[in-house]
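The values are calculated or read from the model by the stated rules, or taken from the named source; none is laboratory data. Keep in mind that what you see is a predicted model, and the values were worked out from it rather than measured. Don't worry about glycine lacking a Cβ; one is built from the backbone with ideal geometry, like all the others, and counts go over all protein chains shown.
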Amino acid sequence: MASTFFRYAAPAAFYPVARRLAPWFGAAAAVLAIAGLAVGLVVAPTDAQQGDAYRIIFIHVPAAWMSMFIYLVMAFWSALALGYNTRLSAMMAQALAPTGALMTFIALWTGAFWGRPTWGTYWAWDARMTSELILLFLYFGIIALRNAIDDPRRGDKACAVLTLVGAVNVPIIYFSVQWWNTLHQGSTISMTAAPKMASIMLTGLLLMSLAAWAYAIAVALARVASIIIERERGAVWISHLPEMRRLMPS
Amino acid sequence: MSAFIAMGGYGWYVWMAYGVTALVVAVEILMLRARRRRMLIEARLAEPEMPITTRATLDPGSLS
């Protein structure tokens, strides 16, 4: 079992796995998103209090969840990269950062366009929004730090340290609505209490969340494949890849 | 159909949220494709056994 796992820790062994799995997760994301959009925009009824403005929830909440979750996964890979000095885990962390930044941007953007009709403002310096904005800057900082360091192995270590230090922000975002008196509402969905929303709305939210998961996995796998090619170039196994021959006639 | 676009008067907010999300997701997918292509070309250039004469034709700058 352990030996099987570690065999795929080699970039050369993981590359074909990533390439093979990515389209399947991409297709799953597309199907789930179409179903989720149909439920969220068409099937689910207009909200009694918020009218149709509430429909932004179907992208806002999944994106906000993913923005934090991707960071935690990145921190996990970073810890592995620092502790075991494994290249692939650092590459996984590197592959997740742009998608984490994307999810954070979507959460902030859709939040602004939900806040305006419901609270009367696009933006407020409230604890939830400010800590989520800091998360976006953390993602940007990690990407910029990576690009600023020429030696990839040194870049791995620096980014892993920054990622782990920045992880302190994730519980701050998550608990901000409880710790401070914020404009942002508390969580609508809880593991311990009955959901405070209609089941059809919950279905739409679940579909869109699964779509966001599948999308993030697909994109991270596709990106890690590119990162592997970038960092392993010159290796014999790379020149033997069929896509290298297909690139152009030699 | 026009009622769907109007979103009960919230059309601007709903479609700005959904539209920009669709746009940034599309941009990420396109950037990912471009990156893969660029990395494959660079890996091709890094191949040690490559004859020097073909390098000019594989210059990433000459490809769109």
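Please enumerate the residues belonging to the stretch A:50-93 that are within 12 Å of chain B (Cβ to nearest Cβ) and more than 19 Å from the chain's Cα centre (by Cα).
Answer for the stretch A:50-93, where residues must be within 12 Å of chain B (Cβ to nearest Cβ) and more than 19 Å from the chain's Cα centre (by Cα): A:50, A:51, A:52, A:53, A:54, A:55.
Please work out which one of (1) surrounded by fewer than 18 Cβ atoms within 10 Å (Cβ to Cβ); (2) within 13 Å of chain B (Cβ to nearest Cβ) is the condition residue A:141 fails and give its number.
Among (1) surrounded by fewer than 18 Cβ atoms within 10 Å (Cβ to Cβ); (2) within 13 Å of chain B (Cβ to nearest Cβ), residue A:141 violates only (2).
Against the definition (modelled with pLDDT of 85 or more, more than 19 Å from the chain's Cα centre (by Cα), under 30 Å from residue A:38 (Cβ atoms) and part of a helix (DSSP H, G or I)), how does residue A:207 come out, yes or no?
No: the conditions fail for residue A:207.
Across the stretch A:150-179, which residue is modelled with the lowest pLDDT among those that are in contact with a Lys or Arg (Cβ under 8 Å, 6 or more places away or on another chain) and under 20 Å from residue A:104 (Cβ atoms)?
Checking each candidate, the answer is A:177.
Only one residue in A:131, A:78 is hydroxyl-bearing (Ser, Thr, Tyr), surrounded by 24 or more Cβ atoms within 10 Å (Cβ to Cβ) and out of contact with any Phe, Trp or Tyr (no Cβ under 8 Å at 6 or more places or on another chain). Which one?
A:78
Inside the stretch A:102-158, can you point out the residues that are polar (S, T, N, Q) and in a helix (DSSP H, G or I)?
Result: A:104, A:110, A:118, A:130, A:131, A:147.
Determine whether the stretch B:30-44 contains at least one residue that is out of contact with any Cys (no Cβ under 9 Å at 6 or more places or on another chain), more than 9 Å from chain A (Cβ to nearest Cβ) and either modelled with pLDDT of 95 or more or surrounded by fewer than 17 Cβ atoms within 10 Å (Cβ to Cβ) (or both).
yes
Please go through (1) at pLDDT 95 or above; (2) under 30 Å from residue A:232 (Cα atoms) for residue A:38 and return the number of the only condition it doesn't satisfy.
That leaves (2) as the condition not met.
Give the residues of the stretch A:211-250 that are under 14 Å from the mean Cα position of the chain (by Cα) and either of a type outside the set (A, V, I, L, M, F, W, C) or over 30 Å from residue A:60 (Cβ atoms) (or both), sorted by residue number.
A:215, A:223
Taking only pairs six or more apart or across chains, which ones have beta-carbon atoms under 6 Å, a first residue in the stretch A:173-188 that is without any contact (Cβ under 8 Å) to a residue 40 or more places away in the chain, and a second residue that is in a helix (DSSP H, G or I)?
Final answer for the pair search is A:186/A:177.
Pick out the one residue from A:110, A:104, A:188, A:121 that is closer than 20 Å to residue B:16 by Cα, exposed (fewer than 15 other Cβ atoms within 10 Å of the Cβ) and out of contact with any strand residue (DSSP E or B) (no Cβ under 8 Å at 6 or more places or on another chain).
From the options A:110, A:104, A:188, A:121, the qualifying one is A:121.
Scanning for something of a type in the set (Val, Ile, Thr), assigned to a helix (DSSP H, G or I) and over 23 Å from residue A:178 (Cα atoms), does the stretch A:92-101 turn up at least one residue?
Yes, there is a match, as at least one residue in the stretch A:92-101 is of a type in the set (Val, Ile, Thr), assigned to a helix (DSSP H, G or I) and over 23 Å from residue A:178 (Cα atoms).
Residue A:9: hydrophobic (A, V, I, L, M, F, W, C) and not in a helix (DSSP H, G or I), yes or no?
Here the answer is yes, as residue A:9 does meet what is asked.
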